[in-house]
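Some notes on the structure that comes next.
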Amino acid sequence: MLLMAMIAFAIELPSAWSQDVMGGRKYNAGNQFYHPLNQRTPPGVTGQWAALSGQVQAGYIQPMQFSLPSTGSVTFFAGGPEQTIQKTSPAPIGFAVGYVYRVKISGMPEFPGVELYPTIELIDRLHPPAGLTEAYPIPVSFTQEDIELALSGRLVTKVVYLERPQTAAATKFEKQPTISITAQKNLIAEADLLGRPMLILRMGGRLPSTQGEDPSFFGSGAPVVELNNQPTKN
C-alpha cells in the first residue's frame, strides 16, 4: 500500500524569477501530455531521463536540508556503508542532480532504537540568487506520520516540487504543506501540474542485510558534499 504526498515548499524569490520558464524548462500548464514516468518507476530512471533530456544540469551540487520530527541523526552514504557523513537534524548536505542517494535516519526520541533507510532521487535543481546557493536548500522533511507508516509496512512516496511563481501562496508555513493523493494517480504528473518536481523520496521498512548487502543498496556512489551551514531562507 502506498501513501503518496506531494510536498510544496515556497522560497522568497526576486521578481526576476516570476516567469513561465525556469531552469530552461517550461511549466506544464494543463497537464495534457502523456507522462511515461510515475512513482512506480524504478529508482534512478527518472533522474536519468531528466539528465538525458538536457532540461536539468546533471551533476550540479544542490544544497539540501534534512529534518526529522524533532531531533535525531541523519547519516549520508558516500559510496558504501563505511563511507558516511553523520549530522544532527536539521542536517545540511549537498547532493548531485540526477542520482539516487540512500540515507539513514536514527536516534529519534519518538522512535527509540528505530533506524530507517529512505532513498532520495534528485531530479532537478534550484536557481537561487548569485552567491546565495547554500541559503536556499531543498527541504526534505520526515514527519512522525511518515515514520509510523513506514514502520507499519507501508511504502511512503513523496515528491517535493517548487511551486509555480504565478500560483504560489503568499503565505509562510512553519512546516512543509502536504497534499495527499490517491494511489491511482500519477504522483509525478500531479506535481508537474502544480510546479516543478525536484526530488522523489521513498521510505519503507527495508534494512541492510546482515549477510552482506548489495553495494547498490547504499546509493549510486554519487558525490556527497558537506556545506558551510549558511542561514537558510524561509
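The values are calculated or read from the model by the stated rules, or taken from the named source; none is laboratory data. For clarity, every value in this text was computed on a predicted model and none was experimentally measured. Neighbour counts run over all protein chains shown; Cβ positions are idealised from the backbone, glycine included.
Points to keep in mind about this one:
- Test result for Gly212, exposed (fewer than 13 other Cβ atoms within 10 Å of the Cβ), modelled with pLDDT under 85 and more than 17 Å from the chain's Cα centre (by Cα): yes
- If you filter region 110-134 down to residues that are within 20 Å of Phe217 (Cα to Cα) and assigned to a loop (DSSP other than H, G, I, E, B), you find that the one that is farthest from the chain's Cα centre (by Cα) is Val114.
- If you go through region 58-97 and keep only what is outside any strand (DSSP E or B), in contact (Cβ under 8 Å) with a residue 60 or more places away in the chain and crowded, with 18+ Cβ neighbours inside 10 Å, you end up with Leu68, Pro69.
- Across region 135-154, the qualifying residues are those that are crowded, with 18+ Cβ neighbours inside 10 Å and more than 15 Å from the chain's Cα centre (by Cα), and the one among them that is farthest from Val103 (Cα to Cα) is Leu149.
- Counting the residues of region 107-134 that are surrounded by fewer than 18 Cβ atoms within 10 Å (Cβ to Cβ) and of a type in the set (Ser, Thr, Tyr) gives 0.
- Taking first residues from region 136-152 that are aliphatic (A, V, I, L, M) and partners that are surrounded by fewer than 21 Cβ atoms within 10 Å (Cβ to Cβ) and assigned to a strand (DSSP E or B), the Cβ contacts under 6 Å between residues at least 6 apart in sequence or on separate chains come to Leu149/Leu3.
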